[in-house]
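Q: To start, I am sharing the structure in question, which I have written as structure tokens.
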Amino acid sequence: MNKVALVTGGSRGIGAATVKQLAAAGYAVCINYVTNQAAALQLVDEILKDGGHAIAVQADVSKEDEVVRLFADIDRQLGRIDALVNNAGILLPQCRVEDFTADRINRLLTTNVTGYFLCCREAVRRMSTKHGGIGGSIVNVSSAASRLGSANEYVDYAATKGAVDTLTKGLSVEVAGEGIRVNCVRPGLIYTTMHADGGEANRVERLKTGVPMQRGGTPDEVASAITFLLSDAASFITGSFVDVSGGR
Ligand code: NAP
């Protein structure tokens, strides 16, 4: 029987690249998205044409009832869940701390932190041997920003990724004896449209000379690390962090 994976924010960018690699590796994949139904459905079509299995489910991961509905949809349509990629994240326009508002900070926190916690909760309830599950694997997508702090750009976004790192460490220990591995990838400067949401579409080009490898990364390069950490090839790896950032 095929393993089942959920990729939150799987419609575009790093999430979409991960969906493609997991489908190619034989997973049935649930592609979660929040607004871009066209992108999610196109990806489903591509995977079905290649002989794979995928569904698309709309849900805002920052909302508890929608996360509960997302996992119930997976139960109903795919029958189980073996892998969770917590990837859905947002970035807001570049801004210094002295100009932040509570509304801005809370928007980032609810999507990038609350959403990750809620999806982990639902996954653990299904995967944990303590709850009658057969185990599973979780990969949280953090950011090099959690180490670097994103001064003068988005310290609030960076702090949400610090929380993702802590979630990874704590949860990995909590469920290590229950058949669940929890790991984290921290991408650096990756070519996706997220930087446009931060107010600077060409940000990777501007900053790439500061990367030891002198270039930005591709969504596929991040997806490869995620796919490895989910796989049985990583069977003794938990609570680990893989920096996919060209040495920065
Ligand atoms: P992206 O291209 O902007 O795609 C974001 C994805 O998240 C989309 O699929 C979007 O769905 C989904 N999404 C946003 N808010 C959501 C919500 N509330 N509920 C459900 N889905 C939601 O982003 P990306 O660059 O691939 O980034 C993916 C992850 O990598 C994020 O966690 C980001 O922080 C992290 N990261 C990215 C970089 C980088 O340089 N790109 C670097 C470090 C870390 P729709 O298509 O429906 O809008």
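The values are calculated or read from the model by the stated rules, or taken from the named source; none is laboratory data. Quantities reported herein were computed from a predicted structural model and do not represent experimental measurements. Cβ placement follows ideal geometry from the backbone for every residue including glycine, while neighbour counts extend to all protein chains displayed. Surface areas here come from the heavy atoms of the whole protein model, side chains and all, with no ligands, DNA or RNA. Shrake-Rupley method; radii C 1.70, N 1.55, O 1.52, S 1.80 Å.
Q: Kindly indicate whether residue 134 is farther than 22 Å from residue 104 by Cα and in contact with a Leu (Cβ under 7 Å, 6 or more places away or on another chain). Let's see the steps before the verdict.
A: On the way: farther than 22 Å from residue 104 by Cα: yes; in contact with a Leu (Cβ under 7 Å, 6 or more places away or on another chain): no.
In short, no.
Q: Still on this structure, please answer the following. So which residues in region 82-106 are out of contact with any helix residue (DSSP H, G or I) (no Cβ under 7 Å at 6 or more places or on another chain), within 15 Å of the ligand (Cβ to nearest atom) and of a type in the set (S, T, N, Q)?
A: Within region 82-106, 94, 106 qualify.
Q: Can I ask one more? Give the residue that is nearest to the chain's Cα centre (by Cα), with candidates limited to residues of region 132-159 that are in contact (Cβ under 8 Å) with a residue 12 or more places away in the chain and more than 16 Å from the ligand (Cβ to nearest atom).
A: Looking at residues that are in contact (Cβ under 8 Å) with a residue 12 or more places away in the chain and more than 16 Å from the ligand (Cβ to nearest atom), I get 137.
Q: With (1) open to solvent by less than 50 Å² (accessible area, probe 1.4 Å); (2) in contact with a Lys or Arg (Cβ under 7 Å, 6 or more places away or on another chain); (3) within 22 Å of residue 28 (Cβ to Cβ); (4) not acidic (Asp, Glu) as the list, and residue 131 as the residue in question, which single condition is left unmet?
A: (1)
Q: On to the next question. Give the number of residues within region 203-222 that are within 10 Å of the ligand (Cβ to nearest atom) and either among the small types (Gly, Ala, Ser) or closer than 16 Å to residue 139 by Cβ (or both).
A: The number of residues fulfilling the criteria is 4.
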